[in-house]
Amino acid sequence: MHIKIEESTIYPSASVRFLGVVLDSCLNWNAHVEHIVKKCEIPVRILCCIRGTWWGTDPSIMITLYKSLIRSRIEYGGFLMSPCKLDLFHKVEKIQLKCLRLAMGYRNSIPVNIIYSETKILPLEYRFKLTSCKYLIGSMAKQHNQLNEVLEEISELSENFVHENNFTKSTLVSTYEIVKPYEKFIFKYYIPFYQLEYKNQFNQSKVDLNSGMLIKDDNNADYAFWQVFGDKLNNRTAIFTDGSKINTDEKSSVGFASWCSNDDFITSFKLFDVSSIFSAEAVAILSALNQIIKSDLTRFTIFSDSKSVLTALMNIRKLKHHPHLIQEINQELVNCKLKDKDVELTWISAHRNIQGNEKADSLAKKAAVEGPMRDIAVLHSDVYSIFKSMCIKNNEEFLYHRAFVLNKGIFFFENYHCQSSKTWFSDLNFSRRDIITLNRLHSGHNSLKDSLFRFKITESNLCSCGLIENANYLLWECNKFHKERKNMEDKFRKLKINTPIDIREILKKMKNSELKIIVEFFNKCKIDV
């Protein structure tokens, strides 16, 4: 069967590409997965070309390239096809694991949970859920968005007995059902940048980030505060603002406050528990500005310990990308100017015993628990951060399950796993060779005979000296490396560390100076771990 239009013939096709997503007649995602695999072939080859196991591009750069060139292709529309058949999902997951092994210099035998732990990359299952959350929460923040109505209808249909027993609920729908209760808290907008007067977008706020640096590290910060700001505050009203978020028993409480020697400017309120500390700090400043506009006084200095909020106000060029709270603060600053009120915003360091800041902090903490409620809609990014934290927590449970239930990488998780958003080498000035050496020592999957023998790659686990060849043996006993060992021991002695020391203790502490000595030893001995 085909369609003929004049001299053109249109034949039926088993699949069609629409907006970069390949849809097939059965909607089983076979064609789309094959499309992804093919699209990723060239970027994966690029990663292969710019590194060897011991030479080439730094692992941090490799991971960044993976995220940019490959993961972005995998994730595009990923939450639409999830969940799909396991064999299809594994095809895509294998691409991610291959790239991460290339970046980190791992052997193929290394358990999956160690790879994810060391690279701080989420498994695709959680990435798809996270991107789905981000998309849905973003859509909930827009006025008159019809997507939610469609998903609500699909969600109701999916509860049908026939559907429930024959089909798996899609990630998009299941995520919608989780996110839906938070919709009532989210601030809805058309485009925030255009909700305010255009001319006011170019307002230059008076923000001082430098004066606070003068007292940041002072032992008597309150005295130093008056030394720096005393003369200025003789003819100005000082208002201290602060936001607080208290986490107890997996529940959060959020509040904000402002304190001033003039009681007219003292306020404290509770916010929705899903609000972020950024929102609380911004609302505190906004509330203070509202009080200033109502006042007969004309000269004010607002002190805040939120550098992120003040920095956002300074950056006029990026104002349109900032949340509505920042733009509302900017609008209120313009209104203050129109009423001939001189308002300056100044940053001071938190928790330095500056009297005004401590009083504002105390009021904010009290308000977070028992203060009167201020119904201020939250940023959609605040809600997203909640689900991001949940996703990271679920990933940690997945990693531990594989380690302690499935016995995959149990030694690593007992000794070296760290719950951090950064890789262990992100802030260290190590070469690729050094990082790969330590990665392999961490994982226990290396090229030493003791490790190779466990996987039946070599016939013996013995060194040519006749003893078991592992990292500790090479460092402290092997007869072939006396000269290098003496040099290493001298360096440890300068650090006041007695040798021999179990390498596991060194790898647990992850001290830069000690790690440098270890990798230098292996490099001088020309040992590819």
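Bear in mind that the values in this text are calculations on the coordinates, not laboratory data. It should be emphasised that the depicted structure is a prediction, and the values quoted were computed from it without experimental measurement. Cβ: placed from backbone, ideal geometry, glycine included. Neighbour counts: every protein chain shown.
So here's what we get for this one:
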read-out: Proximal charge balance of Asp434 [Cβ under 9 Å; K/R count +1, D/E count -1]; value: +2
read-out: Hypothetical label at Glu370: residues of segment 219-258 whose amide nitrogen lies under 19 Å (7 Å Cα-Cβ projection); value: 244-249, 252-258
read-out: Tilt relative to the chain, helix 147-158 - C-alpha long axis, 0 to 90 degrees, to 10; value: 50
read-out: Exposure proxy ranking, count of Cβ atoms within 10 Å, fewest first, for Phe303, Phe187, Phe522; value: Phe187, Phe522, Phe303
read-out: Relative contact order of the chain, defined on C-alpha pairs under 8 angstrom at six or more residues apart (%); value: 16
read-out: Residues Glu149 and Asp427, FRET efficiency given R0 of 41 Å [Cβ-Cβ distance, rounded to 0.05]; value: 0.30
read-out: Kirkwood-Stokes translational diffusion coefficient of segment 419-458, alpha-carbon pairs, 25 °C, 0.890 mPa s, µm²/s; value: 211
read-out: Per-residue Cβ neighbour rank within 10 angstrom, fewest leading, Tyr400, Tyr126, Tyr66, Tyr116; value: Tyr400, Tyr126, Tyr116, Tyr66
read-out: Linear extension gain, Leu80 paired with Lys180, 0.36 nm per residue minus alpha-carbon span; value: 34.2 nm
read-out: Pair Asn160, Lys496: separation of 7 Å Cα→Cβ label points (nm); value: 7.5
read-out: Estimated inter-spin distance, Glu41 and Ala14, nm [label 7 Å along Cα→Cβ]; value: 1.8
read-out: Cross-link pairs beyond the 19 Å C-alpha cut-off, checked among Lys270/Lys365; Lys206/Lys365; Lys449/Lys486; value: Lys206/Lys365; Lys449/Lys486
read-out: 14 Å beta-carbon shell around Asn461, net charge (K/R +1, D/E -1); value: 0
read-out: Potential lengthening between Thr298 and Phe453 on full extension [0.36 nm per residue; Cα-Cα distance subtracted]; value: 47.9 nm
read-out: Which labelled figure in [x] 3, 14, 19, 19, 19, 15, 8, 2, 0; [y] 4, 18, 26, 23, 15, 9, 5, 1, 0; [z] 4, 16, 22, 21, 15, 11, 8, 3, 1 is P(r) over Cα pairs in 10 Å bins from 0, in percent, once derived from the coordinates; value: [x]
read-out: Electrostatic dipole magnitude of segment 446-525 [Cβ: Lys, Arg +1; Asp, Glu -1; Cα centre; debye, to 20]; value: 320
read-out: ³J(HN,Hα) computed for each position of segment 224-237 - Karplus, 6.51 cos²θ - 1.76 cosθ + 1.60, integer Hz, glycine/proline x; value: 4, 4, 6, 5, 7, 10, x, 4, 5, 7, 4, 10, 9, 8
read-out: Among 211-218, 9-16, the order from most to least packed when residues are scored by Cβ within 10 Å on average; value: 211-218, 9-16
read-out: Relative contact order [Cα under 8 Å, 6+ residues apart], segment 352-489, whole percent; value: 10
read-out: Efficiency of FRET between Ser513 and Gln355 - r from beta-carbon atoms, R0 56 angstrom, step 0.05; value: 0.85
read-out: Length gained when the stretch Lys67-Phe411 is fully extended (0.36 nm per residue, less Cα-Cα span); value: 121.0 nm
read-out: Distance between segment 238-315 and segment 494-524 - C-alpha centres, whole angstrom; value: 48
read-out: Built amide H within the under 5 Å cut-off of Asp208, gap 5+; value: Leu345, Thr346, Trp347
read-out: Globularity ratio of segment 1-134, using Cα Rg and 2.2 N^0.38 Å; value: 1.26
read-out: Net charge of neighbours whose Cβ lies under 11 Å from the Cβ of Ala284, counting Lys and Arg as +1 and Asp and Glu as -1; value: -3
read-out: Residues Asp264, Asp249, Asp222, Asp361, sorted so that the one with the fewest Cβ neighbours within 10 Å comes first; value: Asp249, Asp264, Asp222, Asp361
read-out: Aspartates and glutamates with Cα under 20 Å of Lys184, excluding same-chain neighbours fewer than 8 positions away; value: Glu149, Glu152, Glu153, Glu156, Asp273, Asp375, Asp382
